[in-house]
Amino acid sequence: MSSPDLQHMLAALIATPSVSCTDPDLDQGNRGVIDQLAGWLSELGFACEIMEVAPGKANLIATLGQGPGGLVLAGHTDTVPYDQGRWRFNPFRLTEADGRLYGLGTADMKGFFPLAIEAARDFLTTPLKAPLIILATCDEECSMAGARALVEAGRPAARFAVIGEPTSMKPLRMHKGVMMERVIIEGRSGHSSDPSLGANALEAMNAVMNELLAFRSELQAKYRNPAFTVPVPTLNLGCIHGGDNPNRICPHCELQFDLRPLPGMDMDDLREQIRSRLSPLAPQHGVILTLEPIFAGTASMETPASSPLVLAAERLTGYPAGAAAFGTEAPFFHQLGMDALIFGPGSIEQAHQPDEFIELSAIKPTVAVLKGLIREFCL
């Protein structure tokens, strides 16, 4: 049984581009990464199943041992696009410098897979009472398509899941949800010298924005969780496009906004509340108003503080389990019946940034924690 050492595995993964993006010109497949992982894990004795999600895109479920329960070590294999010209190093070549390993995906989050494999090596010849599953998904950065496919298939079946997103090696048991929505207003063009000739979509959108900001204030007065650095739900007006000339009544305007709910806030209920507030604005301004999600959204997540997984991670790391503002695939593991925890090397501050890196000093402690979790839940 053999596979490359940890650093060579990471170098191979970084050298295999797997950008996922809503822009089709930038979007790539992840099959090269999945095939590499499957090859290494098969050599180590894992039973590997590749689940095709879309052409060139797949999930990997690699299982060691049998039986009910078990532990999943999970991550996504895609990365975001990179800022060409702003990197000091080649983003697709693992570079060691300043006590760090640089490369696109080192922290978010290809770097987790070699660490999980390294942790698993200690248990290859040990009879497991519950299976160890190393799981790799596609398209987390743009659509969560890989995680959604797992839920549709009802697999894998396990009791606990660790998602190796960058958390500076501190366990997280909660995160906010992520909703991205758009409002489209169709007005009627006309000469600006006579407003009665048209229906101004920009003026109607101004009323929409005022209503959304009022809704934000109400949400923040009603919901609060001090476990989060930003303890209230947030709503960000992200981008707006409308009109084409100062002397023409604007016939079309689109606004995109981001809403991040706290645990316990339901996304469908929030959408319905927004719809009921915005709908009356259309007849008031003589326009057609459409509200729609940009993508299905990622639910908020909370694993109980009393979960054995949370307690074990707190004991092994020495840190109390915290909360994050960013979203992950953890809610999908909840849907599959697992307690989920977010834990990994690197910092979210390095994710999606030029010169992304993980500290060399984080490797051994992360592997040690993962070994401890495997020992706790698989032996």
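For the range 88-177, give me every one of the strands (runs of 3 or more DSSP E) that falls completely inside it and has 1 or more residues that are assigned by TED's automatic domain parsing to the domain that holds D23, more than 30 Å from T234 (Cα to Cα) and at pLDDT 95 or above.
95-97, 100-102, 132-137
A323 versus (1) part of a strand (DSSP E or B); (2) touching a Lys or Arg at 6+ places or on another chain (Cβ under 7 Å): which is the lone unmet condition?
For A323, the failing item is (2).
Can you tell me how many residues in the range 1-46 are assigned to a helix (DSSP H, G or I) and either touching a Lys or Arg at 6+ places or on another chain (Cβ under 6 Å) or touching a residue at least 60 places away in the same chain (Cβ under 8 Å) (or both)?
Residues flagged as assigned to a helix (DSSP H, G or I) and either touching a Lys or Arg at 6+ places or on another chain (Cβ under 6 Å) or touching a residue at least 60 places away in the same chain (Cβ under 8 Å) (or both) within the range 1-46 amount to 12.
Limited to the range 339-365, what total is found for residues that are under 30 Å from P127 (Cα atoms) and surrounded by fewer than 24 Cβ atoms within 10 Å (Cβ to Cβ)?
5
Within the range 58-79, is there a residue that is aliphatic (A, V, I, L, M), in the same structural domain as L124 (by TED's automatic domain parsing), assigned to a helix (DSSP H, G or I) and surrounded by 14 or more Cβ atoms within 10 Å (Cβ to Cβ)?
No, the range 58-79 contains no residue that is aliphatic (A, V, I, L, M), in the same structural domain as L124 (by TED's automatic domain parsing), assigned to a helix (DSSP H, G or I) and surrounded by 14 or more Cβ atoms within 10 Å (Cβ to Cβ).
Name every residue in the range 208-232 that is touching a residue at least 60 places away in the same chain (Cβ under 8 Å), crowded, with 18+ Cβ neighbours inside 10 Å and assigned to a helix (DSSP H, G or I), in order of residue number.
V208, L212
In the range 264-320, what residues are within 18 Å of F377 (Cα to Cα) and within 19 Å of the chain's Cα centre (by Cα)?
First, pick out the residues of the range 264-320 that are within 18 Å of F377 (Cα to Cα): 303-317.
The one that is within 18 Å of F377 (Cα to Cα) and within 19 Å of the chain's Cα centre (by Cα): T303.
Which one of these does S306 not meet: (1) touching a residue at least 12 places away in the same chain (Cβ under 8 Å); (2) surrounded by fewer than 17 Cβ atoms within 10 Å (Cβ to Cβ); (3) polar (S, T, N, Q)?
(1)
The values are calculated or read from the model by the stated rules, or taken from the named source; none is laboratory data. This structure is a prediction, so every number in the text was calculated from the model and none was measured. Positions of Cβ are generated from backbone atoms using ideal geometry, with glycine treated the same way; all protein chains shown enter the neighbour counts.
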